[in-house]
Amino acid sequence: MAPSAAPAPSVAPVPAAQPDPPMTRGEAQLERESEERRRRRAEALSELAGETNEIRRPFAPSNEAMILLENVTKVYPGAVVGLDDVTLQIDKGEWVFLVGPSGSGKSTFIKLLLKEIDATSGNLQVGGRSLRTLKRSQVPKLRRNIGCVFQDFKLLPTRSVYENVAYALEVQGQRRELIERKVPEIIGLVGLADKIDKLPHELSGGQQQRVSIARAFVNHPPLLICDEPTGNLDPETSIGIMQLLYRINRAGTTILMATHDREMVDKMRRRVIALEAGRLARDDRRGGYADETGL
Amino acid sequence: METRWKFFFLEAIKSLRGNFATTMAAVVTVLVVMFIAGIGMALGSYVYNYSNKIRDDVTIRAYLEDSATPKQLATIQRTITSTPGVAPNSLQFISKDDAILRLKKQLGEDSELLKLTLGNPLPASFEFKAVDPDQTAAVAKAVAGLPGLEPPQSGLPNPDYGAGKADRVLKTAGTITIVMAAMGVVLAIAAVLLIGNTIRLSIFARRREVEVMKLVGATNWFVRLPFMIEGMICGVTGAALAAILLAISYQTLLADRINSTMSGGGSPGSLPFPLLVVLLIFAGLGIGALGSGLTMRRFLQV
């Protein structure tokens, strides 16, 4: 497998999420606290933005396509248009935000990449492989090379953190020794070393999302698709998740993130692909969430 | 490969424990179905064997006049042995003494009836069987009317093979066998549907899990195998419990009664119990594996 052969990325461990400060009495104190939270969030955001600014220069797209769409159209039964003649290229190592209102085609785009559905017409390639000619039996292989992080985490509810992450390696028939070595390592990396035997429902939303990122990344896939990874999380937790994803991206993994988080997109100033009614409405190298012209 | 099987097996055990309620539902379903099927199979085979035994046991008796001469007896014997369709070696001569001894055995030495009879009123007879039980009537006819035989009277045909009685028993047994077979078919269909439905419920409750497995890159077989092993474990457990229950109920309810009513002439015997258990276990295994394997197909289209 190509991804497992790749060298382990130099991702620094993230400290475990801080527990919320205890409840306090007194309005003044509450206010002071929310003030404090706002400040911390602003700091963290600018830190993230600072990191992205810093990385902009060394960031050099390889011009090798990770994802390539040529006139891709998806029409669902009942003439519902999911994607309408979309042509775009996402290079290896890029970080791309996918934005647009609900029903604009973001989910269709992601489902096409995972070959959950097939395009009605057009050419769609992932990692240089055409998905049109990809056999059904090859779909699992495709998915092992694409990490997925979802808004609702999609963890296996009856399995521990360890088992959830290990499952992604087990489906490939990896050897037990390798699994036993790799899984704790990646769980430590996302800052959940002390939660390794917990079940998903015993974790907070942010922690669950870290587990799902660990699972998505344990193969070191060249492509990580995130479908509103912070959609269910509070802003502070979101930043932690974004930092984690950012580190993964810096290690060379292409990241495609569908999101509604306007602030995040505006701050990070990365490539933004906007969809509207299935059409490619905007593709900015360093875009914001909304069009610069104030749409 | 060995470790993979271990993995699949552990997966199955894990999810069996994790989904205790559905596991129990599936096991109990198999248990009930297998128990009823077991009773049906035992009874069905019992009736089938019993009716076969009656058919095979149909004996033709040609009663002889006390005044029959040895020459007449020789002619009758020759006629019987040369009639096509008579089972070779089945011919037996029952003398008057043999006949009274047999009756004494049946009624008991102290029977009032025997005390009242003077001398020996029973006739001597030739007893023989047809090779094919269905040919009994034809074979009997070949002997009828020979000199030396007692003349037939109304209600007392000679030769006598219990025509009316045997026919009724055979007809009834045939009907029972057909009804049993029909019930068996209906039961089998009901069992498969019921078990399939239980498995579907169990998988439906976990369809999100299956979806996630597929998204992480599991092949269909990788997802399906633990489910199938799970189904097989449920099936075998249910079948084994049904076998135990069958054994208990046979011992406590039926054993004495069957032995007493069927005593004499040896028990016709039904399907041997170990064979029944093996059949049930394999049926449980097959239903479990097939039921979950086939039901999975719908949920694997992710």
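The values are calculated or read from the model by the stated rules, or taken from the named source; none is laboratory data. Everything quoted here is computed from the prediction, not taken from an experiment. FYI the Cβ positions are ideal-geometry reconstructions off the backbone, even for glycines, and counts take in every protein chain you see.
Checking A:Lys74 against (1) farther than 24 Å from B:Gln301 by Cβ; (2) crowded, with 21+ Cβ neighbours inside 10 Å, which single condition isn't satisfied?
(1)
Any residue in the range A:70-85 that's in contact (Cβ under 8 Å) with a residue 40 or more places away in the chain: show its pairings with residues that are acidic (Asp, Glu) and not in a loop (DSSP other than H, G, I, E, B) at Cβ separation under 7 Å, as long as the two are six or more apart or on different chains.
Close Cβ pairs (under 7 Å, with a partner that is acidic (Asp, Glu) and not in a loop (DSSP other than H, G, I, E, B)) amount to A:Asn71/A:Asp85; A:Thr73/A:Asp84; A:Thr73/A:Asp85.
Considering only the range B:34-127, give the helices (runs of 4 or more DSSP H) lying wholly within it that have at least 3 residues that are closer than 30 Å to B:Val192 by Cβ.
Correct list: empty, since no element meets the threshold.
Scan the range B:216-234 for residues that are aromatic (Phe, Trp, Tyr) and more than 8 Å from chain A (Cβ to nearest Cβ) and jot them down.
Scanning the range B:216-234 gives B:Trp221, B:Phe227.
For B:Leu16, indicate whether it is at pLDDT 80 or above, under 30 Å from B:Pro147 (Cα atoms), buried (at least 18 other Cβ atoms within 10 Å of the Cβ) and touching an Asp or Glu at 6+ places or on another chain (Cβ under 7 Å).
The answer is no for B:Leu16.
Here is a check on your reading of the model: is B:Ala218 crowded, with 20+ Cβ neighbours inside 10 Å and of a type in the set (A, V, I, L, M, F, W, C)?
yes
Which of the strands (runs of 3 or more DSSP E) found entirely inside the range A:170-288 contain at least 3 residues meeting this: within 14 Å of chain B (Cβ to nearest Cβ)?
Result: A:223-227.
Consider the range B:61-72. How many of its residues are surrounded by 18 or more Cβ atoms within 10 Å (Cβ to Cβ) and over 42 Å from the mean Cα position of the chain (by Cα)?
1
Of the numbered conditions (1) more than 16 Å from the chain's Cα centre (by Cα); (2) at pLDDT below 85; (3) farther than 25 Å from B:Ala142 by Cβ, B:Val28 satisfies every one except a single condition; which is it?
(2)
Here's the yes/no breakdown for (1) of a type in the set (Val, Ile, Thr); (2) within 14 Å of chain A (Cβ to nearest Cβ):
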site: B:Glu11; (1), (2): no, yes
site: B:Lys14; (1), (2): no, yes
site: B:Gly18; (1), (2): no, yes
site: B:Thr29; (1), (2): yes, no
site: B:Phe35; (1), (2): no, no
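Can you name every one of the strands (runs of 3 or more DSSP E) wholly within the range A:58-165 that holds 3 or more residues which are facing chain B (nearest Cβ under 10 Å) and at negative phi?
In the range A:58-165, A:146-150 are the strands (runs of 3 or more DSSP E) which contain 3 or more residues that are facing chain B (nearest Cβ under 10 Å) and at negative phi.
Among the helices (runs of 4 or more DSSP H) lying completely within the range B:131-215, list those that include at least 2 residues that are within 14 Å of chain A (Cβ to nearest Cβ), in contact (Cβ under 8 Å) with a residue 60 or more places away in the chain and of a type in the set (Gly, Ala, Ser).
Where helices (runs of 4 or more DSSP H) fall fully within the range B:131-215 and carry at least 2 residues being within 14 Å of chain A (Cβ to nearest Cβ), in contact (Cβ under 8 Å) with a residue 60 or more places away in the chain and of a type in the set (Gly, Ala, Ser), they are B:163-205.
Just a yes or no: is a residue in the range A:198-210 in contact with a strand residue (DSSP E or B) (Cβ under 8 Å, 6 or more places away or on another chain) and closer than 30 Å to B:Gly18 by Cα? Break it down into steps so the answer makes sense when it comes.
Of the range A:198-210, the ones in contact with a strand residue (DSSP E or B) (Cβ under 8 Å, 6 or more places away or on another chain) are A:209.
Restricting the remaining residues to those that are closer than 30 Å to B:Gly18 by Cα gives A:209.
Taking every residue of the range A:198-210 in turn, at least one turns out to be in contact with a strand residue (DSSP E or B) (Cβ under 8 Å, 6 or more places away or on another chain) and closer than 30 Å to B:Gly18 by Cα.
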